[in-house]
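J.: Below are the structure tokens for one structure; questions will follow.
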Amino acid sequence: MAIYALGDLQPRIHPDAFVHPDATVIGDVTIGAFSSVWPSAVVRGDDGPITIGERTSVQDGVVLHTWVEHPTVIGSGVVIGHLAHIEGAHIADNVLIGSTSVLLRRASVGEWAMVGAGALVPPGKAVPAGALAVGIPCVIKEGAARREDIEDSVQSYLERVRLYKAALRRLD
């Protein structure tokens, strides 16, 4: 796995977290217990800190970056779908971020909210708790997020972490 210090900035990865060997983690990054970072994901804390809570999955190809003025904060129990891009945003606990979505600096997503696949949450836009954000730029649908979808996705990746920690082996 590619885990890099950048000067004095060194990632802090909980021993119960899983970082796939083909993921990249650089600099001022904190990853909580039972969280996972999957193949081709890049978590680059060079311009400021990136914090990932517990039981959060950062799926294949996700890019997490930050700004000096705007750290990237990802809560616990969050699912970040494949190829999403999050930069300088704040995501509360128990959130689902859909595949290929983009969240830019100062964007925020409240607890139990969902950002639909392919959505763009522009700079400074807030997705309220329990809402669903869809489209480019996103349109907010209050109260439309489904908790069971978030909980099912979190549980699926917790089980996947156990499998990968126990059974993943390189064959070359």
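The values are calculated or read from the model by the stated rules, or taken from the named source; none is laboratory data. All values reported here derive from a predicted model rather than from experimental measurement. Neighbour counts run over all protein chains shown; Cβ positions are idealised from the backbone, glycine included.
J.: Which strands (runs of 3 or more DSSP E) does segment 1-66 wholly contain that include 2 or more residues that are at pLDDT below 95 and under 27 Å from Leu163 (Cβ atoms)? So that I can check it myself, show each step before the final result.
T.: Numbers: elements: 2-4, 24-31, 42-52, 63-65.
Correct list: 2-4.
J.: Scanning segment 1-33 for residues that are within 16 Å of Val73 (Cα to Cα) and in contact with a Ser or Thr (Cβ under 6 Å, 6 or more places away or on another chain), which turns out surrounded by the fewest Cβ atoms within 10 Å (Cβ to Cβ)?
T.: Only one residue fits best here, namely Arg12.
J.: Restricting to segment 112-152, name every residue that is crowded, with 17+ Cβ neighbours inside 10 Å and either touching a His at 6+ places or on another chain (Cβ under 6 Å) or under 23 Å from His65 (Cβ atoms) (or both).
T.: Ala113, Met114, Val115, Gly116, Gly118, Ala119, Leu120, Val121, Lys125, Val127, Ala133, Cys138
J.: Given the residues Val68, Val78, Val109, Val95, which is the only one that is among the hydrophobic types (A, V, I, L, M, F, W, C), closer than 19 Å to Ile140 by Cβ and more than 11 Å from the chain's Cα centre (by Cα)? Spell out how you get there, then give the answer.
T.: Numbers: Val68 fails: closer than 19 Å to Ile140 by Cβ; Val78 fails: more than 11 Å from the chain's Cα centre (by Cα); Val95 fails: more than 11 Å from the chain's Cα centre (by Cα).
Result: Val109 is the single residue among Val68, Val78, Val109, Val95 that is among the hydrophobic types (A, V, I, L, M, F, W, C), closer than 19 Å to Ile140 by Cβ and more than 11 Å from the chain's Cα centre (by Cα).
J.: May I ask you to list pairs of residues, at least six apart or on different chains, whose Cβ atoms are under 9 Å apart, with the first in segment 131-154 being over 18 Å from Leu103 (Cβ atoms) and the second being charged (D, E, K, R) and modelled with pLDDT of 95 or more?
T.: Once the first residue is over 18 Å from Leu103 (Cβ atoms) and sits in segment 131-154, its partners that are charged (D, E, K, R) and modelled with pLDDT of 95 or more give Val154/Arg55.
J.: Still on this structure, I have one more. Is it the case that some residue within segment 76-84 is out of contact with any strand residue (DSSP E or B) (no Cβ under 8 Å at 6 or more places or on another chain), in contact (Cβ under 8 Å) with a residue 24 or more places away in the chain and farther than 27 Å from Arg169 by Cβ?
T.: yes
J.: Of everything in segment 34-52 that's charged (D, E, K, R) and surrounded by fewer than 20 Cβ atoms within 10 Å (Cβ to Cβ), which residue is nearest to His20 (Cα to Cα)?
T.: By that ranking, first place goes to Asp46.
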